[in-house]
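Step one of this worksheet: look at the structure below.
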Amino acid sequence: MIKNNSLLTVVIFMGLMSFFGIGCDKGTAGQVASVTPKEAEGMLRNEFAILLDVREADEIKDGMATPAQWVPMTDIEANGPKWNAFISKLSKDKQVIVYCAKGGRAGKVGRLLTEKGFRAGNMGGFRDWVKAGLPTKKPGN
């Protein structure tokens, strides 16, 4: 009987942890969630997230995701003015979904954001957004 009560206690405890967002699922504090372009688009449409493009100027000349904000990786690494302006306006209520060309830099920026207390997701690369058939824009539009 005690074993059954112990098991029930563990199940209830794990359920409560899940309910309050405590645990090991993707996207918990300190982790960067993997987000598909379609998931990102849904979160953006419902205003649950912000999309951040961290590619360099020469990489965005052919386009970027329509809802994306742009802060180049060089500015982020230099703790530059564009990065500081972005961070100062950022709400911790929304997830920041980051993409680059392939996903490597997006992962680095995602980890940096989680260290600063934000929730972050790595969408991978711009080509993933395009492959999903999602809208793009030319820079400056």
Amide H contacts under 5 Å for residue 136, placed H, 5+ residues apart: 66
Potential extension, residue 78-residue 66 segment - 0.36 nm per residue separation minus Cα distance: 1.7 nm
For segment 64-116: accessible area per residue (Å², 1.4 Å): 49 Å²
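Considering only the other residues whose Cβ falls under 12 Å of the Cβ of residue 88, what net charge follows from Lys and Arg at +1 and Asp and Glu at -1?
+3
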Pair residue 57, residue 138: separation of 7 Å Cα→Cβ label points (nm): 1.7 nm
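Rank by packing, highest mean first: peptides 103-114, 40-51, with packing defined as the count of other Cβ atoms within 10 Å averaged across residues.
Ranking, from highest mean packing down: 103-114, 40-51.
The values are calculated or read from the model by the stated rules, or taken from the named source; none is laboratory data. Please read these numbers as outputs of a predicted model, since none were measured by experiment. Cβ: placed from backbone, ideal geometry, glycine included. Neighbour counts: every protein chain shown. With ligands, DNA and RNA removed, areas are computed over all heavy atoms of the protein, side chains included. Shrake-Rupley method; radii C 1.70, N 1.55, O 1.52, S 1.80 Å.
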